[in-house]
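To keep things clear, I will list the structure first and then write my remarks on it.
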């Protein structure tokens, strides 16, 4: 195939995934939350079980006036949603869903580092929004976001480093290629740490202190309206897609399944990621919000030691079996 | 930079010149102009938070330069550590101050000429050392990438392991120092020790930096 055409096609597919998957997760969240709480959720938009509810929401957001507060720092305020959203698009490029070159947007040599580095940049968007809004609630939200990121970046990195040690490579397809089924019990602690720290970086409940509505309205996004607000929401759901995809690729063996990786391997990746996304929603409905000091304590006194222990275990097993 | 340089390939046979530059070299120069401009704005702007955000542009530009030199691992590390952590820490610190929206009239220093002298001297020394050390070293951009994780890791842990370990001892000392300082401050002001978690984490991360 023509080189440029190939690149364009890959970018197009990744962009389509980026636009649809977060919406699918959002709609699933509507429905799953509703049923867990004994409700039906949206039922009218689009006819069949309210499938078009999020499309209708998008249209609503697009119609709303785009307000920038008078006291705000105009340019940074307007730039923040893009900074929050675009890193997830870049990360999606590097996540492989099947074996071979055909099932990944772009093979990155240091894939783990690329993914974690770029995900960390997304938080800058929340910080910019929090500061530029000229609003005390926003500023508090931004502060909490920064504190939360600093606390949870470390265990996430350490957990990912453990897998890289186990696989002997930092390339994402390479890690899945090296995967064996017994890695799941071997790396289970690292997987839990990674998933929990990822949830905290996305500020999903129960780690949604930065947007705690009962205390600081909606944190850094309080002053946002219309499309820019929708972009922040989209960033959250794109973050769920990325986190579930990454956890699948790093810890759950990606396209490996009981009937081999050939042909339908990508289906395994999607299935595992979908189950994880369901868990993300489930946790939101189940657990109350952690207080700020509990949040910090969980990371520094539990997750960091656990991830260090996982690295030690990985090293020991690696030396023993080699 | 020294890490990437260890992985450079010396191609003495092929002639090299500064005329008829390739596309990569032109891109490199353009990006370096943008990076330099962003760095200048960082230190001259009167808006504190803008300075931090221009720093993001500067550090990101540096990461792009590393990428263009095929040092992929170093580039992502640059983004991860500096853009993802250090700048977030800076912004966190700025949010604890007044950091007004708009200009800070007092965001200026009488030391600006001394600072400029030191900066120019440091830059001249660095440029001189780097140019002198790598005058005859060329990266073969067309061949296999010479800055992959594997090559970087091998050179780091074969040739540069002593500086690497010394650096980690230095970081450990900084970490311990930060903890000691924060505990001492807490001991002096026991009445205000009602928020134990957040200050502790801050000082620890500062140590890591």
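What follows draws every value from the coordinates through simple rules; no lab data is involved. Owing to the predicted nature of the structure, the values given are computational and were not obtained by experimental measurement. Using ideal geometry, Cβ is built from the backbone for each residue, glycine included, and neighbour counts are taken over all protein chains shown.
Measure off 7 Å from each Cα along the Cα-to-Cβ vector at residue A:286 and residue B:150, then give the distance between these two points in nanometres to one decimal.
It works out to 4.2 nm between the two label points.
Hey, fewest Cβ within 10 Å first, where do A:251, A:229, B:134 land in order?
Fewest to most other Cβ atoms nearby, the residues stand as B:134, A:229, A:251.
In nm, give the distance between the simple-model label positions of residue B:169 and residue A:294, each being 7 Å from the Cα along the Cα-to-Cβ direction.
So the two model labels end up 4.4 nm from each other.
So what is the relative contact order of the range A:3-321, in percent, for Cα pairs below 8 Å that sit 6 or more residues apart?
24 percent
Among A:269, B:58, B:27, which comes first, second and so on when ranked by fewest other beta-carbon atoms within 10 Å?
If I rank by nearby Cβ atoms, fewest first, I get B:27, B:58, A:269.
Using a Gaussian network for chain A with springs between C-alpha atoms less than 10 Å apart, which of these wobbles most: A:247, A:222, A:70?
Top of the fluctuation ranking is A:70.
Running a GNM on chain A with Cα contacts under 10 Å, which residue among A:215, A:29, A:153 ends up with the highest mean-square fluctuation?
A:215
Could you put A:208, A:66 in order, starting from the residue whose Cβ has the fewest other Cβ atoms within 10 Å?
A:66, A:208
Pick out which of A:304, A:249, A:118 has the largest mean-square fluctuation in a Gaussian network model of chain A, springs linking Cα atoms closer than 10 Å.
Answer for the Gaussian network model of chain A: A:118.
Taking each residue of A:133-142 in turn, how many C-beta atoms of other protein chains fall within 10 Å of its C-beta, and what is the average?
1
I need the fraction of alpha carbon pairs in chain A separated by more than 24 Å, rounded to a whole percent.
Tail fraction, whole percent: 56.
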